[in-house]
Amino acid sequence: MSGFRLNNGGHIDRERKLRFTFDGQPMTGYEGDSLASALLANGQETVARSFKYHRRRGIYAAGADEPNALVGLRHGARHEPNCRATGVELYDGLMAESQNRWPSLDFDIGAMNGLFSPFFVAGFYYKTFMGPTRHAWMFYEKFIRKAAGMGKASMEPDPDHYDARHAWCDVLVVGAGPAGLAAARSAADAGADVLLADELPVPGGSLLSETTKLDGKTSLEWTRREIATLTKTGRVHYLPRTTVYGYYDDNILGAVERVSDHHPLPQAGQPRHRHWTIKARRVVLATGALERPLVFANNDLPGVMLSGAVRSYANRYAVAAGRRVVIATTNDSGYRTAIDLAHAGVEVACLADARHEPPADLAAEAEGLAIPVRTGSTILAAEGRKAVTGAILTELDAEGRPHGKQESIRTDCLAVSGGWSPVIHLTAQAGGKPQYDAERGQFMPGEVLQDWQPAGAIGGADSLSEAWQQGLQAGSAAARDCGLTPSSETSAPEGLDSRKPGSTRLLFQVQGGKGKAFVDLQHDVTARDVRLAHQEGFVSVEHLKRYTTLGMAADQGKTSNINGLAMMASLLDVPLDVAGTTRFRPPYTPVSLGALAGRSTGTHFRPLRRTPLHDWHVEKGAVMVEVGLWQRPRAYPGEGESLIDAIRREARTVRERVGLTDVSTLGKIEIKGPDAPEFLDRVYSNRMGNLKVGRARYGLMLRTDGMVFDDGTLWRLEENRYLMTTTTGNAGGVMKHLEFLLAAVWPELKVHLVSVSDLWSGCAIAGPNSRAVLQTCVSGTELDNDSFRPMDVKAAEIDGAPVWIARLSYSGELAYEVYTPAPHGEAVWKNLLQSGKPQGIVPYGLEALGSLRIEKGHVAGPELDGRTTADDLGLGGLMSKKKHFLGEALARREAMLEADRPQLVGLVSGNGQPIPPGAQLLDSKTVREKEPPLDAQGHVSSPTYGAAIGKYIALALLHDGRARHGESLTASSPLTGEEVPVVVVSPHFYDPEGARMNA
Amino acid sequence: MHFSALSLARQALKGHRGWTRTWRALEQPKSHYDVIVVGGGGHGLATAYYLAKEHGITNVAVIEKGWIGGGNVGRNTTIVRSNYLLPQNNRFYEWGMKLWEGMSRDLNYNVMFSQRGVLNLAHSPAQLEGYMRRGNSMRINGIDAELLDRDQVARMVPGMDVSDKARFPVAGGLLQPRGGSARHDAVAWGYARGADSLGVDIIENCEVQGFLFEGDRIVGVDTVKGPVRAGKVGVAVAGNSSRVLAKAGFERLPIESHVLQAFVSEPLKPLIDTVVTFGAGHLYISQSDKGGLVFGGDLDGYNSYAQRGNLPIVQDVASMAVTLFPNLSRLRLLRHWGGVMDMSMDGSPIIDKSPKEGLYINAGWCYGGFKATPASGWCFAHTIARDEPHDLNAAFRLDRFRTGRTLDEKGAGPVPRLH
Amino acid sequence: MYLNCPFCGHRHLEEFTYEGDATISWPTLDSQDIGSWTDTVYQRRNPAGPHREYWQHVHGCRQFLIVERDTTTHSIHKVEVAGPWAGETAPRNTEAKQ
């Protein structure tokens, strides 16, 4: 093939020359070129190597259907593999490279695979690579993985950013070809808000590939003027470079706008791509049609192209794909290509028309241009080594089989057309199964299950003028469906071709030529592979696809699916509609992951929650950790202090003096309403309805299945006002649970809930000196042991800030929780620390808090793992017998009452070593005598160093644990290689009588 | 015909004209079978294979509504692992793992089981401790598991953001080296070929329209191709369990059907060598032998039989992928699709006799059906052949919700979409 | 999917969470019948076709809605308010334009 630039025509700007490189070779093109048209114009024949056999491949199509020309673009962190050259707009400085070849495109070692091609048939890998050992595949697979794949991904983070938008419109028009432009116009004339999206950088679609003059202008001049008129109405928003790739439920469509790909770098403040989630009341699909190739021997040689693509390159880009073109067609497409080429001065050596009787007007026009036409003939095989050099033509019998004389004709560009397939992808995604129209020989949109209508080729329009008319009607109908009155004015530009095309002779494959005949060029699937699939019983279209990988490449089979299934239908001797199609899946063309992710990446991937005291923690050097989405301090190591030392110091200080910790992350729900006491009695397993004003109580909540759901405290602040606290992790879950019960199960209860988690800042002050600290700064309440008893809740003030104080202890020490409105949080916190200075107060973090609660035998997340009952945790006493509560019934199922359930116990390390986290508890016999699988007696849930006890301890869940205090077990952690002897004890290691907290 | 490099070479010389059908094309079922398996997916085909191979029951029909392997076995993310916490689960899946390791040779069909490791990332010390509990439970049950620190994770998976600045910094991970992936379609075809060669009839395009009972005892099924009688009927229809079993009089089951989406990128040269699961969201990612990155995400979250999902999950999966691997954002998603999951109420499967004599149920696989294929088929075959569960599936009872012996691997409670 | 919240108008799927089968009947708390509680908590009809189900407008008004939706096509037939405000709509919610 020897493509070259034509002197005239095309929608390119010859004033603006662009430099680019391909595999390092400097080349030039013009503004308006695609990378593919520029490569053709520079005479580049081979642009890629194929997936399996590494065969030379050239540019084949001009649009989204391109199967061959995948290249790598850009360098370093911006490198992008697998870019379709037909969709890449040329820019100055563009650097492209070929893929899947080594050491070079011209000399590729991988082409040796071709020698083994008799071996590499469809599914060959299912039949071999199984020996000599069971793991043999792992050896072969390495080579296969290396050979497979196409482009290489960058390993550096992408420096560009992406955007996401939602859009709402009356009418979304997909495709700005003649039908789409007309639909946008009539919908807008009726007053509809219209979004007009098109994958090309300029409007016009198929018009751009025609030489037709509209209203005396070139097609691009005309479509640009039309877009300007439409957008001036303010009702049409035109999105160029935007592919509507997916049709989802409820008329929501996904689209990606390639904002910056036509620039070397995104312009300042611009994203690279923008994702659009479009909710349209009505959709007009004007997505056009794609041309089908023919399957024949050596149909993959560079220089073999789709007929429409050859015409598109000539008319749109002013590039001749070759100097001496041979055309094989089954329909009018080949004539139009031949005629346009002849007008452009390109030699058409022969036009083979599979039909016996071509339309008289075209035949006459071809004759007038001295184009040699052979009817009843087609292409049997392409000839050539590196590129096509000849075409063997044959006559066809009535069944479409080659017969009669064959002749080889010299050529450097073989243009083929097997007919057109409407682009019905979005219609199928919308839910309608494609229907085969035997008369047209096309799969057409099936049942309309969402609010869309077709226009143009997918509506069965045969000419530009019919497409325009259909577009007008579709736009009007869509507007009418939106409650608008369409305008009665209809106009069409002068010059739209209204000629009804001739028929298509259905011919998918020409058998009998020598050489491989490819069905799926990108995946190297041949006609023989389809035959083999049939022979081996992979005859359903889905089996055919999966067995041969037909249609599964990056082009999703746009040029191959119909041919493949037609060949299978013919092997099965059934009509095409019986064979059916495989399911169309989004996206229509591949979509960048960046666009789909939009802005929700990196630190914006999930929200980050900070307590009102966050800045203070960070400033004081706290080691922060994420819990749920909250940032919480683990500990506050001092200068030169290790994390572990800091944790122990903090815990010890709480036990000996006083500490202050941030508990703002606890879930907080305010509850009001006359039925609140009844409601609370139903949702907590223990009595709550009788809680008195000014008192707090620990509460346990079960799930409906009787397992422990959450624990927390309930404060009755006023007669008709409760504050519920939940664990940090369950805050949202508890709120939702309660809301559900009120809405769905007990709508008769008059109760109102508000989540107030973020409104309050909370801290816990704990330690023998805590009362003394509060006494120096709290006003409005007495704090002595008689006035402020355990579980009392009182309103007070700290330096003018209103606070609620509850005497609650998690650590087992004398302790209070102090809640204040979030804006006062930091001031109250600082005030407490300042007031506590003489008492030796320290802030303590999550780790010390955890260690203190373990010593006290309080359960937390690791014990509340969703599989434990109240009784398992030693909280059976909180299952009230005086009332009924949610979860009660299923908590009495037989397995929930068995004696050998895991029960909460304490463990003490027997050898002075830490008890490994997540260790399994094994009895001594199991440890010594058996090979896995071993039966564990239980597991370590929360290990720590007990600062008050001076030993390594842990909470654990142990089968029948309460009856096993005193028993010796092994805490086994094969994962870390640790085995620690432990003794089972009560989980209440520290001050079991509670003397300290009640002091 | 036996498959091997040699037979392939011989056929290559003969233009591959000697290969025969992978399973026989049967238009019509016989009038009577010893066992009918309803559902020609992975589990149903594996069940038929093991009925024939392990129990000598060869008068078996697999009856399939469409074409075999067309359900979840053909639309999953192909991950195989046995890294479960609960011993009832991890012993079952580990038996499956052992069957996977011998599957290609057993079936004489290369299912491309690739043990490239399954890595679960932990993003906080507490999460890592949770994984340690799981890893230790695996190890004492004889399953391989390794704890990795952040640097080991970084070396194993280049390109991942392991920096402290990450939104969810990587604290470490739990690795099951023997985990990996397999070629999903080949599993269905391999079992079909194996079962067929042992005499099992595979009947496609044969929807079951009802079940035939004599009293409370099943005697066969009614199909679009007429009634077929059998002594025993096993139902393995995954997402369609409620639909099919309703025809046998099961008005309600502890199952909801949900849509789960899967995603594949354009083909790339080797990039991610391990199966990686994100610990701060629902994402798993691996690279297929063809080069596509395969992603799985969370359920869309509502009951569905539609095999199609919606954009929020598509976008969330992309967000997670790009957050974890910031070099992926220029790569392109090639295709995404949905499968219908039979989500059980505790997240664990059901392989059991049913209250109706001669009718057996295999369902409730949630996301985990693919990796379970061999063990599920093996245990279901045992349960059908012996009329009692094997030790390995003794816990997967249908009545466990009533007795309280639920197997809640995640501790999420009776909400199927949370498992 | 879009749900037409009777209070907030047409809103995108992202604002809602699915809360399960709305045809389940709940025993009163004094019922200790394990069978009927098992049915409520675990057993589902799981139909292919129209399904009455709860959704919560969790990132909106937080109301629980009863939605009738086809599980085979995802098309939505009806949206009602659940609970104490059943039957109510917000006064301003006319036939909202998407």
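Odds and ends about this structure:
Conditions (1) in a loop (DSSP other than H, G, I, E, B); (2) of a type in the set (Phe, Trp, Tyr), marked per residue:
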| site | (1), (2) |
| --- | --- |
| C:LEU3 | no, no |
| C:ARG11 | no, no |
| C:GLY20 | no, no |
| C:THR23 | yes, no |
| C:SER31 | yes, no |
| C:ASN46 | yes, no |
| C:HIS51 | no, no |
| C:TYR54 | no, yes |
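- Every condition in (1) of a type outside the set (Val, Ile, Thr); (2) over 23 Å from the mean Cα position of the chain (by Cα); (3) closer than 26 Å to B:ALA375 by Cα holds for B:GLY210 except the one numbered (3).
- Matching strands (runs of 3 or more DSSP E) fully within the range A:747-798 where at least 2 residues are more than 20 Å from A:ILE669 (Cβ to Cβ) and free of Cβ contacts under 8 Å to residues at least 24 places away in the same chain: A:793-798
- Leading residue by the ranking (surrounded by the most Cβ atoms within 10 Å (Cβ to Cβ)) among those in the range A:316-375 that are among the small types (Gly, Ala, Ser) and closer than 22 Å to A:ALA297 by Cα: A:ALA328
- Within the range A:900-916, one or more residues are surrounded by fewer than 22 Cβ atoms within 10 Å (Cβ to Cβ) and over 30 Å from A:GLU656 (Cβ atoms).
- Meets criteria (within 11 Å of another protein chain (Cβ to nearest Cβ), surrounded by 19 or more Cβ atoms within 10 Å (Cβ to Cβ) and among the small types (Gly, Ala, Ser)) for B:SER344: yes
- In the range A:876-899, the residues that are within 14 Å of chain B (Cβ to nearest Cβ), in a helix (DSSP H, G or I) and surrounded by fewer than 18 Cβ atoms within 10 Å (Cβ to Cβ): A:ARG892, A:GLU894, A:ALA895
- Under the condition of being crowded, with 16+ Cβ neighbours inside 10 Å and more than 9 Å from chain B (Cβ to nearest Cβ), the residues counted in the range A:597-613 number 5.
- All positions within the range A:614-639 that are within 11 Å of chain B (Cβ to nearest Cβ), touching a strand residue (DSSP E or B) at 6+ places or on another chain (Cβ under 8 Å) and of a type in the set (A, V, I, L, M): A:VAL623, A:MET624, A:VAL625, A:LEU629
- Enumeration of residues in the range B:131-158 that are within 7 Å of chain A (Cβ to nearest Cβ), in contact with a Pro (Cβ under 9 Å, 6 or more places away or on another chain) and surrounded by 18 or more Cβ atoms within 10 Å (Cβ to Cβ): B:MET132, B:ARG133, B:GLY135, B:ASN136, B:SER137, B:ARG139, B:ILE140, B:ASN141, B:ALA145
- Residue that is farthest from B:ALA280 (Cα to Cα), among those in the range B:333-359 that are in contact (Cβ under 8 Å) with a residue 60 or more places away in the chain and among the charged types (D, E, K, R): B:GLU357
- Taking the numbered list (1) over 20 Å from C:THR38 (Cβ atoms); (2) within 11 Å of another protein chain (Cβ to nearest Cβ) in turn, A:ARG867 passes all entries but (1).
- Residue that is surrounded by fewer than 24 Cβ atoms within 10 Å (Cβ to Cβ) and among the charged types (D, E, K, R), where the choices are A:ASP193, A:ASP170: A:ASP193
- Qualifying positions in the range A:534-554 - at the interface with another protein chain (Cβ under 7 Å from one of its Cβ atoms) and part of a helix (DSSP H, G or I): A:GLN535, A:GLU542, A:HIS543, A:ARG546
- Test: A:LEU195 is under 26 Å from A:ARG272 (Cα atoms) and either part of a loop (DSSP other than H, G, I, E, B) or not aromatic (Phe, Trp, Tyr) (or both): yes
- So A:ALA280, is it crowded, with 20+ Cβ neighbours inside 10 Å, closer than 30 Å to A:LEU94 by Cα, in contact with a Phe, Trp or Tyr (Cβ under 9 Å, 6 or more places away or on another chain) and among the small types (Gly, Ala, Ser): no
- Within the range B:259-268, the set of residues being more than 9 Å from chain A (Cβ to nearest Cβ) and of a type outside the set (A, V, I, L, M, F, W, C) comprises B:GLN261 only.
- Residue satisfying condition, being assigned to a strand (DSSP E or B), of a type in the set (A, V, I, L, M) and at the interface with another protein chain (Cβ under 9 Å from one of its Cβ atoms), within set B:LEU212, B:LEU271, B:LEU174: B:LEU174
- For the criterion of being polar (S, T, N, Q), more than 9 Å from every other protein chain (Cβ to nearest Cβ), surrounded by fewer than 23 Cβ atoms within 10 Å (Cβ to Cβ) and over 29 Å from B:ALA306 (Cβ atoms), B:ASN108 fails.
- Number of positions in the range B:39-75 that are within 14 Å of chain A (Cβ to nearest Cβ), assigned to a loop (DSSP other than H, G, I, E, B) and either surrounded by fewer than 24 Cβ atoms within 10 Å (Cβ to Cβ) or of a type in the set (Asp, Glu) (or both): 6
- Residues satisfying the criterion are present in the range A:928-950 (criterion: more than 12 Å from chain B (Cβ to nearest Cβ), out of contact with any Gly (no Cβ under 9 Å at 6 or more places or on another chain) and basic (Lys, Arg)).
- Residue check for B:PHE380: buried (at least 22 other Cβ atoms within 10 Å of the Cβ), away from chain A (no Cβ under 13 Å), part of a loop (DSSP other than H, G, I, E, B) and at pLDDT 95 or above: no
- Contacts under 6 angstrom Cβ, first residue in the range B:123-143 being touching a residue at least 24 places away in the same chain (Cβ under 8 Å) and more than 16 Å from A:GLY729 (Cα to Cα), partner of a type in the set (Lys, Arg) and not in a loop (DSSP other than H, G, I, E, B), 6 or more apart: B:ASN141/B:ARG91
- Candidate set: the range B:177-199, residues that are under 18 Å from B:GLY66 (Cβ atoms) and hydrophobic (A, V, I, L, M, F, W, C); chosen: the one farthest from the other protein chains (Cβ to nearest Cβ): B:ALA195
- Test: residue in the range C:31-44 that is within 12 Å of chain A (Cβ to nearest Cβ), in contact with a strand residue (DSSP E or B) (Cβ under 6 Å, 6 or more places away or on another chain) and modelled with pLDDT of 95 or more: no
- Residue among C:GLY83, C:GLY87, C:GLY9 that is at the interface with chain A (Cβ under 7 Å from one of its Cβ atoms), at pLDDT below 95 and within 23 Å of A:GLU739 (Cα to Cα): C:GLY83
- Residue that is nearest to the other protein chains (Cβ to nearest Cβ), among those in the range B:280-332 that are part of a strand (DSSP E or B), touching a residue at least 60 places away in the same chain (Cβ under 8 Å) and among the small types (Gly, Ala, Ser): B:GLY301
The values are calculated or read from the model by the stated rules, or taken from the named source; none is laboratory data. Please read these numbers as outputs of a predicted model, since none were measured by experiment. When we count neighbours, we look across all protein chains shown, and the Cβ atoms used for this are built from the backbone with ideal geometry, even at glycine.
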